[in-house]
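The values are calculated or read from the model by the stated rules, or taken from the named source; none is laboratory data. Being a predicted model, the structure only gives us computed values, none of them experimental. Glycine also receives a Cβ, built like all others from the backbone with ideal geometry; neighbour counts cover every protein chain displayed.
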Amino acid sequence: MSTFNQISFGKLLAVLKGAAILPIKTSAVGRLGRISGKLTLRNKGRFIVGKNVSFHSKPLPSSISVEKQAELWVGDNVFFNYGLDIGCTKSIRIGSNTIIGPMVNIIDTNFHPVDMEDGAGSKDIIISDNVWIGRGVVILPGVTIGRGSVIAAGSIVTRNIPENVLAGGAPAKIIRELQITKEWVRRYN
């Protein structure tokens with residue numbers, strides 16, 4: 001993950017309505033992030049955000065929960081679309097220049113055991129730089145998505161995805177390789 005300016009929101013609990021500006025110090029992050037719509041943020045751990053991060057929560061609200069001892073890191077120039085649901089109980093890292101589509105769910109734990117022998121617990125999630133996560137994708141615990149990759153709409157990511165590939169399906173599998181240089185940055189409008 002690239003280096004980025006950091007800001008810790010500490011123990012912030014907020015429900016943001018309408019257009020709002022992230023409550024951050026401009027000297028710590030450079031440009032201010034943006035929130036449009038409703039974003040519910042429940043932070044008992046560490047939520048570290050890079051510069052120029054946007055939450056577009058219209059027409060559906062978005063929700064982020066960071067539990068005690070957990071860390072949610074977001075790089076620079078990241079765009080989150082509406083209906084986002086992030087549940088962070090251990091560690092989630094989202095790289096710079098990443099686009100997160102509408103209705104995406106990112107959780108680093110199953111929250112409930114599947115059976116008596118289920119000792120899965122929380123597992124780190126890493127979404128590398130310059131990744132595009134399509135509409136309705138679910139990213140499950142313990143997954144790393146490599147730099148420059150695209151996850152197709154409606155996919156369920158249950159295992160690691162290498163860099164510079166298009167992956168999709170349930171569970172997500174590699175569909176094809178992508179031609180991306182390290183200098184090329186995916187843009188959003």
Evaluate the following for residue 72: is it buried (at least 21 other Cβ atoms within 10 Å of the Cβ) and in contact with a strand residue (DSSP E or B) (Cβ under 9 Å, 6 or more places away or on another chain)?
-> yes
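So, in region 69-100, how many residues would count as being outside any strand (DSSP E or B) and among the charged types (D, E, K, R)?
2
Can residue 87 be described as free of Cβ contacts under 8 Å to residues at least 40 places away in the same chain, in contact with a Phe, Trp or Tyr (Cβ under 9 Å, 6 or more places away or on another chain) and either over 24 Å from residue 53 (Cβ atoms) or buried (at least 21 other Cβ atoms within 10 Å of the Cβ) (or both)? Working first, answer last.
Details: free of Cβ contacts under 8 Å to residues at least 40 places away in the same chain: yes; in contact with a Phe, Trp or Tyr (Cβ under 9 Å, 6 or more places away or on another chain): yes; either over 24 Å from residue 53 (Cβ atoms) or buried (at least 21 other Cβ atoms within 10 Å of the Cβ) (or both): yes.
It is true that residue 87 is free of Cβ contacts under 8 Å to residues at least 40 places away in the same chain, in contact with a Phe, Trp or Tyr (Cβ under 9 Å, 6 or more places away or on another chain) and either over 24 Å from residue 53 (Cβ atoms) or buried (at least 21 other Cβ atoms within 10 Å of the Cβ) (or both).
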**Asked** hydrophobic (A, V, I, L, M, F, W, C), touching a residue at least 60 places away in the same chain (Cβ under 8 Å) and not in a strand (DSSP E or B) - does that describe any residue in region 179-186?
**Response** yes
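Let's see how each residue does on (1) within 19 Å of residue 144 (Cβ to Cβ); (2) touching an Asp or Glu at 6+ places or on another chain (Cβ under 9 Å); (3) modelled with pLDDT of 90 or more:
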residue: 44; (1), (2), (3): no, yes, yes
residue: 60; (1), (2), (3): no, no, yes
residue: 88; (1), (2), (3): yes, yes, yes
residue: 105; (1), (2), (3): yes, yes, yes
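Working only within region 53-68, note down all residues that are basic (Lys, Arg) and either within 15 Å of residue 136 (Cα to Cα) or assigned to a loop (DSSP other than H, G, I, E, B) (or both). It would help to see each step written out before you state the result.
If we filter region 53-68 for residues that are basic (Lys, Arg), which is where we start, we get 58, 68.
Matches in region 53-68: 68 only.
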Residue 100: passes all of (1) surrounded by 20 or more Cβ atoms within 10 Å (Cβ to Cβ); (2) on the phi > 0 side of the Ramachandran plot; (3) out of contact with any Gly (no Cβ under 8 Å at 6 or more places or on another chain) but (2)
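Residue by residue, here is whether (1) of a type in the set (A, V, I, L, M); (2) crowded, with 19+ Cβ neighbours inside 10 Å; (3) modelled with pLDDT of 95 or more holds:
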residue	(1), (2), (3)
95	no, yes, yes
112	no, no, no
131	yes, yes, yes
135	no, no, yes
148	no, yes, yes
151	yes, yes, yes
